[in-house]
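The values are calculated or read from the model by the stated rules, or taken from the named source; none is laboratory data. Because the structure is predicted, anything quoted here is derived from the model rather than measured. Ideal geometry is used to build each Cβ from the backbone, glycine not excepted, and the neighbour counts take in all protein chains shown.
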Amino acid sequence: MDFTFNETQLMIRDMARKFAQEELAPTADERDEREEFPHEAVKKMGELGFMGMMVSEQWGGAGLDTIAYVLAMEEISKVDASAGVIMSVNNSLVCWGLETFGTDDQKDRYLRDLASGKKLGAFCLSEPEAGSDATNQRTTAVKDGDGYLLNGTKNWITNGANADVYLVIATTDRS
């Protein structure tokens, strides 16, 4: 098995490293101290294609492989862990969930903007009684016309206060 990175993977790694050093490093400690969300940095990550790295090009993503994604995550996270988590949630949880399980209409309405970084996604799984154990979630979704009525409590919602799109884990049938 060959573990050599290909040219694209190395280019992505180097681009992420440069971005992290030049854009994130100078303000990371100050933002952490002030507990500030890195709005401008997230916008720039979107412009560079870091917010939808594995989303297929059909839906506005970069269409990259997992190795390129992990290399970029590594470079971003070693300089600014908060920016890495923001990027990870948008890519791995929200974009992946929509691309894998969403309808074409949902992908067209939400995934394109999430993958380009024009919008930010939040992942709503954890609950006070169940933590992140998806099998013990109590939040329900009941069909209501063309949509669903959600009822439940979520906590620890990554990107929550700054997101535009929320992927909520809920059950439609407790059995």
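Here MET11, MET51, MET73, MET15 are screened, and the one residue that is under 24 Å from GLY102 (Cα atoms), surrounded by 12 or more Cβ atoms within 10 Å (Cβ to Cβ) and either under 16 Å from the mean Cα position of the chain (by Cα) or at pLDDT 95 or above (or both) is MET51. Candidates in the range 76-94 are the residues that are more than 18 Å from ASP32 (Cα to Cα) and in contact (Cβ under 8 Å) with a residue 60 or more places away in the chain; of these, the one that is surrounded by the fewest Cβ atoms within 10 Å (Cβ to Cβ) is LEU93. Evaluating GLU35 against the criteria (1) in contact (Cβ under 8 Å) with a residue 60 or more places away in the chain; (2) farther than 21 Å from ARG109 by Cβ leaves one unmet condition, (1).
Taking the range 109-125, which residues are free of Cβ contacts under 8 Å to residues at least 12 places away in the same chain and among the acidic types (Asp, Glu)? Passing the criteria: none in range. Per the listing GLY52, GLY60, GLY97, GLY46, the residue uniquely at positive phi, touching a residue at least 24 places away in the same chain (Cβ under 8 Å) and small (Gly, Ala, Ser) is GLY60.
Just checking, does the range 145-157 include any residue being touching a residue at least 40 places away in the same chain (Cβ under 8 Å), within 15 Å of the chain's Cα centre (by Cα) and surrounded by 15 or more Cβ atoms within 10 Å (Cβ to Cβ)? No, the range 145-157 contains no residue that is touching a residue at least 40 places away in the same chain (Cβ under 8 Å), within 15 Å of the chain's Cα centre (by Cα) and surrounded by 15 or more Cβ atoms within 10 Å (Cβ to Cβ).
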